[in-house]
Amino acid sequence: MTEFYNLPDNIKSDMLKEKFIEFLVCYSNNTTKENINYVLDELSELSDRQWNTYENLDNEVKCQIEKFLISVIDFENESIMDSILCIIPRLGLENLFLYVLSKKDVIVNKKVVQNIIESKTEYGETVSNPYADM
């Protein structure tokens, strides 16, 4: 288990890139229903720190994070979707956001659909640029 929540709030982007890679190595094949919330919390911690660098995440790492999130996504689970919808704008995960939007009409959970609609309103136009509102 990682403990990215113990990292300082301000960390250099090259160190963060290493932490994202560590995250992917640790959780790409070790994420289960039992630990998914912890895993997403850890990714959220890294995402917050990346946003605080005022630099975009390395494109290759960003693509790997998107692939990982697609592999663990559960459109009917409010907790999972809430975490993912918070991570998306912090890292500028436009492809993942477009994927989520494409599934909106088949999601049964109305609360999840509402969160997606609210997310589209909040950051849909600028999702690829985490610093658009600054």
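Taking a span of 15 Å or more along the helix axis (Cα atoms) and a mean Kyte-Doolittle hydropathy of at least 0.5 as the rule, the DSSP H helices of the chain that qualify are 78-91. Projecting the Cα positions of PRO89, THR2, VAL72 onto the charge dipole of the chain (unit charges on Cβ atoms of Lys, Arg, Asp and Glu, taken about the Cα centre) puts VAL72 furthest along the positive direction.
For region 62-134, rounded, prolate or oblate, judged on the Cα gyration tensor with a ≥ b ≥ c (square roots of eigenvalues), a/c < 1.5 rounded, else prolate if a/b > b/c? In terms of gyration-tensor shape, oblate. Between the entries (i) 55, 15, 13; (ii) 33, 18, 10; (iii) 23, 18, 12, the label attached to semi-axes √(5λ) of the Cα gyration tensor in Å calculated for this structure is (iii). Average accessible surface for the chain: 57 Å² per residue, computed with a 1.4 Å probe over protein heavy atoms with every protein chain in place. Taking 0.36 nm per residue of separation and subtracting the Cα-Cα distance, full extension of the segment from ASN77 to LEU98 would add 5.7 nm.
In the chain the longest region clear of chymotrypsin sites (Phe, Trp or Tyr not before Pro) that are loop-assigned by DSSP and have at most 14 other C-beta atoms within 10 Å covers 55-130. The portion of the accessible surface of region 1-111 made up by carbon and sulfur, rounded to a whole percent, is 47 (1.4 Å probe; DNA, RNA and ligands excluded). What's the longest piece of the chain with no exposed GluC sites (Glu not before Pro), counting a site as exposed if DSSP puts it in a loop and it has at most 15 other beta carbons within 10 Å? The segment 77-134 is the longest one with no such site. What residues of region 13-27 lie in the reach of a label at ASN52, counting those whose backbone N is under 17 Å from a point 7 Å from the Cα along Cα→Cβ? Taking a point 7 Å out along Cα→Cβ of ASN52, the residues of region 13-27 whose backbone N falls under 17 Å are 13-20. Residues of the chain were split at every exposed loop site, defined as trypsin sites (Lys or Arg not before Pro) in a DSSP loop with at most 13 other C-beta atoms within 10 angstrom, and the longest piece left, sites excluded, is 34-134. With a simple spin-label model that places each label point 7 Å from the Cα along the Cα-to-Cβ direction, the separation between LYS111 and SER28 comes to 3.3 nm.
The values are calculated or read from the model by the stated rules, or taken from the named source; none is laboratory data. All values derive from a computational prediction rather than experimental measurement. Heads up, the Cβs are rebuilt from the backbone with ideal geometry, glycines too, and the neighbour counts pull from every protein chain shown. Heavy atoms of the whole protein, side chains included, go into the accessibility calculation; ligands, DNA and RNA do not. Shrake-Rupley method; radii C 1.70, N 1.55, O 1.52, S 1.80 Å.
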